[in-house]
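Just below is one structure, and these are the notes that go with it.
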Amino acid sequence: MTDRRRTAHLLRRLTFGPTAAEVDDAARAGHEATLVSLLRPAAPAPPPDLGPDPLSRLGPDATREQRQKARREQADQVAELTRWWLGRMAAGGAAEKLTFFWHGHWATSARKVRSAQLMFTQQQTFRRYGHGDTGPLVRAMLRDPALILWLDGQKNTRKAPNENLAREVMELFTLGAGAYTEDDVKAAARVLTGWQVDRVTGNVRLAPGRHDGRAVTLFGRTGTLDVDSFAGALVRHEAHVPFLARRLWERYASPDTVPPPGIAAAGRDTTALLTALCRDPAFDATGGTLVKQPVEWLVGAVRQLGVPVAGLASADQRQLLNILRSLGQVPLRPPSVGGWPIGVSWLTTSSALTRLRAGQRLAALAPAAADRLTGDDRLDALAGMLVIDGWSNRTAAALRAIRNPRQLLAAGLASPEYAIQ
């Protein structure tokens with residue numbers, strides 16, 4: 001693997017999709033300098049102007065029609081937040097890719113939460129804590145109002161324990177299956193009793209009368225725990241760092257192999273884990289094994305084609321969301337607490353046809369990009385534009401037969417080489 005290909009591989013994995021110019025700049029800077037630069041936390045961006053939650057304006061005597069209208073307005077706010085986030089993703093950088101990783105990891109859906117404001121608050125938690133030690137992140141997420149609503153934490157009381165949040169926190173977010181017992185779930189649920197979400201203010205509070213403050217036995221130790229000491233027990237558990245290293249490896253390297261043991265030795269700091277992951281020789285060997293999720297596919301395409309997402313007309317922005325709906329992945333709407341699938345489940349005959357149709361729509365939004373694909377070197381130009389190392393003989397033969405530049409661009413976006421990085 002040449003230095004340029006190695007750097008392009010790094011950029012493809014850590015960002016949503018590099019442009020050819022970004023690969024050029026990174027190749028000049030060098031692989032190590034590029035890695036360090038990519039993993040720096042991003043500067044804060046202006047938040048979206050969502051306004052207050054429409055339901056917060058309604059009193060207890062609101063009519064059914066008023067509540068239905070508020071629900072429609074909530075849905076509009078969620079759509080606005082989604083469009084804003086797509087624009088931020090398309091702005092580039094590894095930090096937003098990491099935010100999207102955490103969104104899929106701590107999968108929370110606006111279908112149930114409904115509040116764009118609470119979903120944005122959760123995003124901000126990922127941006128603030130997602131690049132460092134996982135201790136502060138887990139502590140913050142156990143108090144996250146969107147997650148509490150999503151996993152019925154507000155229904156977890158001393159008199160009626162609800163184990164949903166406690167179980168998923170251990171199985172899906174911090175430890176993995178097999179690292180805890182059913183007694184641990186019951187104990188953790190008691191620790192998490194009493195947390196309530198105020199829909200008007202968006203804040204959470206511990207209601208003492210609904211909280212079970214008695215001692216519990218968790219992971220073989222007995223004592224009185226609060227939410228912070230529970231978070232501490234989770235991140236100190238011997239299963240936590242290997243579990244997180246495995247999840248990062250699946251999303252950034254390969255879902256079909258296990259991470260080298262040296263990665264977990266970096267500890268529970270996410271930036272240190274990603275650094276170790278990208279420096280490991282096994283990472284360079286994972287090229288061509290990771291299937292892009294639809295969000296990664298779309299955001300990478302608009303970046304490489306020069307489509308100005310944030311500056312598009314509202315109708316064109318809605319078209320991008322429609323593309324994601326047709327491909328089966330819309331931000332803020334994971335299908336379950338387990339998040340979205342990974343790997344070959346995204347590669348079906350119907351999804352290939354959907355990507356081709358989506359590619360045609362994207363090509364129509366980027367006529368200047370298509371205009372660069374008219375010469376005899378159009379296949380090389382297409383590979384360079386899409387940051388693809390090369391075409392297979394089969395793909396090259398199919399592309400060579402296409403003379404229309406927009407159709408060629410759409411076909412390149414639908415190719416196996418672009419879908420699998």
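The values are calculated or read from the model by the stated rules, or taken from the named source; none is laboratory data. Predicted model only: the values in this text are computed from it and were never measured. Cβ placement follows ideal geometry from the backbone for every residue including glycine, while neighbour counts extend to all protein chains displayed.
Limited to region 291-317, what total is found for residues that are over 19 Å from Val78 (Cβ atoms) and either in contact with an Asp or Glu (Cβ under 6 Å, 6 or more places away or on another chain) or part of a loop (DSSP other than H, G, I, E, B) (or both)?
Within region 291-317, residues that are over 19 Å from Val78 (Cβ atoms) and either in contact with an Asp or Glu (Cβ under 6 Å, 6 or more places away or on another chain) or part of a loop (DSSP other than H, G, I, E, B) (or both) number 6.
Quick one: Gly178 ticks every box in (1) of a type in the set (Gly, Ala, Ser); (2) closer than 19 Å to Ile148 by Cα; (3) surrounded by fewer than 17 Cβ atoms within 10 Å (Cβ to Cβ) except a single one, so which number is it?
Failed condition: (2).
Which of the residues belonging to region 138-161 are small (Gly, Ala, Ser) and over 20 Å from the mean Cα position of the chain (by Cα)? Full working, then the answer.
Filtering region 138-161 down to residues small (Gly, Ala, Ser) leaves 140, 146, 153, 160.
Listed by number, the residues that qualify are Gly153, Ala160.
For residues that are in a helix (DSSP H, G or I) and either outside the structural domain of Trp106 (by TED's automatic domain parsing) or buried (at least 19 other Cβ atoms within 10 Å of the Cβ) (or both), tally how many sit in region 252-270.
Residues of region 252-270 in a helix (DSSP H, G or I): 252, 261-264, 270.
Keeping just the survivors that are either outside the structural domain of Trp106 (by TED's automatic domain parsing) or buried (at least 19 other Cβ atoms within 10 Å of the Cβ) (or both) gives 252, 263-264, 270.
So the answer is 4.
Considering only residues that are free of Cβ contacts under 8 Å to residues at least 40 places away in the same chain and closer than 19 Å to Glu96 by Cβ, which ones fall in region 15-35? Break it down stepwise before answering.
To start, the set of residues in region 15-35 that are free of Cβ contacts under 8 Å to residues at least 40 places away in the same chain comprises 21, 24-34.
Scanning region 15-35 gives Ala21, Asp25, Ala26, Thr34.
Taking only region 187-210 into account, find how many residues are under 29 Å from the mean Cα position of the chain (by Cα) and either assigned to a loop (DSSP other than H, G, I, E, B) or of a type in the set (D, E, K, R) (or both).
Within region 187-210, residues that are under 29 Å from the mean Cα position of the chain (by Cα) and either assigned to a loop (DSSP other than H, G, I, E, B) or of a type in the set (D, E, K, R) (or both) number 9.
Would you say Ala401 is within 25 Å of the chain's Cα centre (by Cα) and either modelled with pLDDT of 95 or more or not charged (D, E, K, R) (or both)? Let's see the steps before the verdict.
Details: within 25 Å of the chain's Cα centre (by Cα): no; either modelled with pLDDT of 95 or more or not charged (D, E, K, R) (or both): yes.
Taking the combined requirement at face value, the residue does not satisfy it.
Regarding region 142-159, can at least one residue be identified that is touching a residue at least 12 places away in the same chain (Cβ under 8 Å), assigned to a loop (DSSP other than H, G, I, E, B), within 21 Å of Thr99 (Cα to Cα) and not hydrophobic (A, V, I, L, M, F, W, C)?
yes
Consider only pairs whose beta carbons are under 7 Å apart and that are at least six residues apart or on different chains; among these, list those whose first residue lies in region 285-306 and is farther than 22 Å from Ala366 by Cα and whose second residue is in a helix (DSSP H, G or I) and among the aliphatic types (A, V, I, L, M).
Matching pairs, first to second residue: Val291/Val344; Val291/Ala419.
Among the residues of region 43-62, how many are among the aliphatic types (A, V, I, L, M), closer than 18 Å to Met119 by Cβ and either part of a loop (DSSP other than H, G, I, E, B) or at pLDDT 90 or above (or both)?
The first filter runs over region 43-62 and keeps only residues among the aliphatic types (A, V, I, L, M), leaving 43, 45, 50, 55, 58, 62.
After this cut, where a residue has to be closer than 18 Å to Met119 by Cβ as well, the list is 45, 50, 55.
Filter again for either part of a loop (DSSP other than H, G, I, E, B) or at pLDDT 90 or above (or both), leaving 45, 50.
Residues flagged as among the aliphatic types (A, V, I, L, M), closer than 18 Å to Met119 by Cβ and either part of a loop (DSSP other than H, G, I, E, B) or at pLDDT 90 or above (or both) within region 43-62 amount to 2.
For His103, state whether it is without any contact (Cβ under 8 Å) to a residue 40 or more places away in the chain and closer than 30 Å to Pro294 by Cβ. Can you show your working first?
Details: without any contact (Cβ under 8 Å) to a residue 40 or more places away in the chain: no; closer than 30 Å to Pro294 by Cβ: yes.
Against the criterion (without any contact (Cβ under 8 Å) to a residue 40 or more places away in the chain and closer than 30 Å to Pro294 by Cβ), His103 does not qualify.
Go over the candidates Leu332, Leu244, Leu320, Leu277 one by one and state the one that is among the aliphatic types (A, V, I, L, M) and either free of Cβ contacts under 8 Å to residues at least 24 places away in the same chain or not in a helix (DSSP H, G or I) (or both).
Leu332
For region 44-78, give me each residue that is touching a residue at least 60 places away in the same chain (Cβ under 8 Å), in contact with a Lys or Arg (Cβ under 9 Å, 6 or more places away or on another chain) and among the hydrophobic types (A, V, I, L, M, F, W, C).
Of everything in region 44-78, those that are touching a residue at least 60 places away in the same chain (Cβ under 8 Å), in contact with a Lys or Arg (Cβ under 9 Å, 6 or more places away or on another chain) and among the hydrophobic types (A, V, I, L, M, F, W, C) turn out to be Leu55, Val78.
Of Ala414, Ala381, Ala368, which residue is closer than 21 Å to Pro18 by Cα, touching a Leu at 6+ places or on another chain (Cβ under 7 Å) and touching a residue at least 40 places away in the same chain (Cβ under 8 Å)?
Checking each option against the conditions leaves just Ala414.
Taking Asp377 and the conditions (1) over 18 Å from Gly287 (Cα atoms); (2) modelled with pLDDT under 95, which numbered condition does it fall short on, given that it satisfies the others?
(2)
Conditions tested, residue by residue: (1) more than 30 Å from Ser254 (Cβ to Cβ); (2) surrounded by 13 or more Cβ atoms within 10 Å (Cβ to Cβ).
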site: Ala301; (1), (2): no, yes
site: Gln304; (1), (2): no, yes
site: Val307; (1), (2): no, yes
site: Thr349; (1), (2): no, no
site: Gly359; (1), (2): no, yes
site: Asp377; (1), (2): yes, no
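Quick grid of which residues meet (1) crowded, with 18+ Cβ neighbours inside 10 Å; (2) among the charged types (D, E, K, R):
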residue	(1), (2)
Gln123	yes, no
Arg128	no, yes
Gly132	no, no
Pro136	no, no
Asp144	yes, yes
Lys159	no, yes
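Restricting to region 185-240, what's the tally of residues that are on the phi < 0 side of the Ramachandran plot, crowded, with 18+ Cβ neighbours inside 10 Å and free of Cβ contacts under 8 Å to residues at least 40 places away in the same chain?
Residues in region 185-240 being on the phi < 0 side of the Ramachandran plot, crowded, with 18+ Cβ neighbours inside 10 Å and free of Cβ contacts under 8 Å to residues at least 40 places away in the same chain: 10 in total.
Residues are listed down the side, and each one gets a yes or a no for (1) small (Gly, Ala, Ser); (2) in contact with a helix residue (DSSP H, G or I) (Cβ under 6 Å, 6 or more places away or on another chain); (3) at negative phi:
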site	(1), (2), (3)
Leu14	no, yes, yes
Arg28	no, no, yes
Asp53	no, yes, yes
Arg57	no, no, yes
Asp61	no, no, yes
Trp85	no, no, yes
Ala90	yes, yes, yes
Lys97	no, no, yes
Phe100	no, no, yes
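Do we find a residue being more than 19 Å from the chain's Cα centre (by Cα) and either assigned by TED's automatic domain parsing to the domain that holds Phe230 or surrounded by 18 or more Cβ atoms within 10 Å (Cβ to Cβ) (or both) anywhere in region 88-102? It would help to see each step written out before you state the result.
Taking region 88-102 as the starting set, the residues that turn out to be more than 19 Å from the chain's Cα centre (by Cα) are none.
Within region 88-102, not a single residue is more than 19 Å from the chain's Cα centre (by Cα) and either assigned by TED's automatic domain parsing to the domain that holds Phe230 or surrounded by 18 or more Cβ atoms within 10 Å (Cβ to Cβ) (or both).
Among the residues of region 167-186, are any modelled with pLDDT under 95, over 19 Å from Asp228 (Cα atoms) and more than 20 Å from the chain's Cα centre (by Cα)? So that I can check it myself, show each step before the final result.
Of region 167-186, the ones modelled with pLDDT under 95 are none.
No, every residue in region 167-186 fails to be modelled with pLDDT under 95, over 19 Å from Asp228 (Cα atoms) and more than 20 Å from the chain's Cα centre (by Cα).
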